[in-house]
Amino acid sequence: MPEHSHPPIGEAEGKAEAVETMFDAVAPRYDLLNRVLSAGVDRYWRSRAVQTLRDEQPQRVLDVATGTADLALKVQRTLHPRETIGIDLSAEMLDRGREKIKQANLASRIVLQKEDAADLPFDDGSFDAAFVAFGVRNFEDLDAGLGDIRRVLGPGGALVVLEFSTPRATPIKQLYRWYSRHVLPRIGGLLSPDQGAYEYLPSSVAAFPDGVDFLRRMGGAGFVDLSWTPLTFGIASLYTGRVQRSATDSA
């Protein structure tokens, strides 16, 4: 559940470096913490995200903020693309992802690279689909990151974003606030050498422009056919958008 950060990471300047440092620190127990802190629900959320493209056959998929490659592995096992490329700022997280990929015998299909979402080293229109699971709120420049993801997607290419959000309904929002402020940092501190990562998580979620506000940011980056689906009482949200098809593609 911690997906990417460290206080004070509220300001954009230097955020990428702080995110990288923090996730290098929590990498050894990152997967365990995800399972414990979310009671395993994070697996369901990732499955829902990947299933949004189950009727399509994307052949080249980009997984941004891949972490330890949980989503990249789910993509490969579910959608069976020719190639999945996962990128992340944290070398330690990527190393653990590579171990999991090797154990799954998928090293020929999944490649992990240390890259910045706002400066992707890929050609325009070179991917059929892109995913970001619990990493978009940690982009140093949200609009630049979304814009570069759009650049590397081909016409009709889909972006699927899974991210934490703030529940709106009573009493869920009060319970979530209490859990985030009091329980999550304590468990994170017991299981991880970097308690700050789990103190940062609720503040980053609260600051993130979720719901309709995030759809506006996606639209501003050039995505169309936008949708937003709250998951598990609004604790997480699933967003989708597409690159506009050309007139000739539509004809």
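For the reader, a short list of remarks on this structure follows.
- For first residues located in the range 210-231 and touching a residue at least 40 places away in the same chain (Cβ under 8 Å) and closer than 20 Å to residue 53 by Cα, partners that are among the hydroxyl-bearing types (Ser, Thr, Tyr) and part of a strand (DSSP E or B) and lie 6+ apart or on another chain with Cβ distances below 6 Å form the pairs 230/237.
- Residue satisfying all of: in the range 103-155; aliphatic (A, V, I, L, M), open to solvent by less than 40 Å² (accessible area, probe 1.4 Å) and assigned to a loop (DSSP other than H, G, I, E, B); nearest to residue 210 (Cα to Cα) among these: 117
- Test: residue 56 is of a type in the set (Asp, Glu), farther than 29 Å from residue 22 by Cβ and in contact (Cβ under 8 Å) with a residue 24 or more places away in the chain: yes
- A single member of 217, 242 is under 14 Å from residue 146 (Cα atoms), open to solvent by less than 70 Å² (accessible area, probe 1.4 Å) and either among the charged types (D, E, K, R) or modelled with pLDDT under 95 (or both), and it is 242.
The values are calculated or read from the model by the stated rules, or taken from the named source; none is laboratory data. This one's a predicted model, so the numbers in the text were calculated from it and none came from an experiment. Quick reminder, even Gly has a Cβ in these numbers, built from the backbone with ideal geometry, and neighbours come from all protein chains shown. For the accessible areas, the whole protein counts, side chains as well, though only heavy atoms, and no ligand, DNA or RNA atoms are used. Shrake-Rupley method; radii C 1.70, N 1.55, O 1.52, S 1.80 Å.
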